[in-house]
Amino acid sequence: KQTANNCHACLGATTFEQLQIMKFAWRSKTMDIAAINSQHVEEINIEPFQELLGEDRDFEGWDKDGLFVDDLDVDI
């Protein structure tokens, strides 16, 4: 109720009334996208992500030690 009062004050009576009428008219026709998406569950292979997490942790250690990739004698 308070939100409606605040919106009514900002938008004006005519605009707020038009929005309320549209809300009532569209209420039954609007799809619940979240409910539709929750019905479609996708299985994900987590192994590649675990490898990436391990590599990120290795780089964190390098950052703490002050090592940078440019400092290493490695051909990229």
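The values are calculated or read from the model by the stated rules, or taken from the named source; none is laboratory data. Everything numeric in this text was worked out from a predicted model, so none of it was measured. In this analysis, Cβ positions are derived from the backbone assuming ideal geometry, glycine residues included, and neighbour counts consider all displayed protein chains. Side chains included, ligands, DNA and RNA excluded: accessible areas come from the protein's heavy atoms. Shrake-Rupley method; radii C 1.70, N 1.55, O 1.52, S 1.80 Å.
Values computed for the structure shown
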| quantity | calculated |
| --- | --- |
| Distance between modelled label sites at residue 38 and residue 13, nm, 7 Å Cα→Cβ extension | 4.1 |
| Accessible area (Å², 1.4 Å probe, nearest 10) - residue 55 | 90 |
